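Okay, so here's the structure we're looking at.
The values are calculated or read from the model by the stated rules, or taken from the named source; none is laboratory data. What you see is a predicted model, and the numbers here were worked out from it, not measured in a lab. Because the Cβ atoms are built from the backbone with ideal geometry, glycine has one as well, and the counts that use them run over all protein chains shown. Ligands, DNA and RNA are excluded from the accessible area calculation, which covers all protein heavy atoms including side chains. Shrake-Rupley method; radii C 1.70, N 1.55, O 1.52, S 1.80 Å.
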Amino acid sequence: MSFGTIFVTIVFVAILMFSSYLLATSTIFTMNTLSQSFKKANDMQNGKLKTEIEIVNVSVSDAQNITVVINNTGKTKILNDDFKYIDVFVYYDIVGAAKGYTFKWIPYTETYPPENDHWTIVSISPDSVNPRNFDPDEQMKIWIRVLPRIESGTTGWIEVVTPNGISASSYFYA
């Protein structure tokens, strides 16, 4: 055998080994990434299964202020930092408008009292463990201020959605 043939064979075997190494490492990396993705999706689904809220009471005062009492009946706590990710939707009849219903997304604010078309937390009770977090078996009272005002003698609807997508809704009477 000539030196050229031996050299080509060695280069070919080296390229074959390097290609096999690249294929194995990319396969391991892909499997690791998929495994982490599946674990994260499983954790999110598990969190959804353990989250449950219930609207206990909705009351309207001054045709502009809505007070909602919510129970955390699940096993998941909602952290103070996640309150901004709680979505509140309100559907109601506008004062003086002929068939003038409005549907609004109401964002969270820490300002007390809340500005128009915002909601804030009035209280969480009992709030002995993890203060300012909405723990299981606790009750949270929120204050929603809407503008335009709600027509007296009409029915409205409210929905509260947790950061992981679990919701509760209720009708209210103005």
Condition first: modelled with pLDDT of 85 or more, in contact with a His (Cβ under 7 Å, 6 or more places away or on another chain) and crowded, with 16+ Cβ neighbours inside 10 Å. Can you find one or more residues in the stretch 40-61 that meet it? no
Test: residue in the stretch 107-116 that is under 19 Å from ASN80 (Cβ atoms) and in contact (Cβ under 8 Å) with a residue 40 or more places away in the chain: no
So in the stretch 64-119, with the set limited to residues that are among the hydrophobic types (A, V, I, L, M, F, W, C) and assigned to a loop (DSSP other than H, G, I, E, B), which one is least open to solvent (accessible area, probe 1.4 Å)? ILE86
Picking from LYS104, LYS75, LYS99, which residue would you name as being among the charged types (D, E, K, R), under 15 Å from GLY156 (Cβ atoms) and modelled with pLDDT of 85 or more? LYS104
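Quick grid of which residues meet (1) touching a strand residue (DSSP E or B) at 6+ places or on another chain (Cβ under 8 Å); (2) over 25 Å from LYS48 (Cα atoms); (3) not charged (D, E, K, R):
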site	(1), (2), (3)
LYS77	yes, no, no
TYR91	yes, yes, yes
PRO107	yes, no, yes
GLU115	yes, yes, no
GLY165	no, no, yes
Counting only residues that are open to solvent by 40 Å² or more (accessible area, probe 1.4 Å) and either in contact (Cβ under 8 Å) with a residue 60 or more places away in the chain or basic (Lys, Arg) (or both), how many does the stretch 130-147 have? 8
Would you say ASP81 is under 20 Å from THR154 (Cα atoms) and of a type in the set (D, E, K, R)? no
When every residue in the stretch 162-174 that is part of a strand (DSSP E or B) and open to solvent by 20 Å² or more (accessible area, probe 1.4 Å) is compared, the one farthest from ASP81 (Cα to Cα) is TYR173
Output the number of residues of the stretch 120-161 satisfying the condition of being in a loop (DSSP other than H, G, I, E, B), farther than 22 Å from LYS75 by Cα and at pLDDT below 90. 7
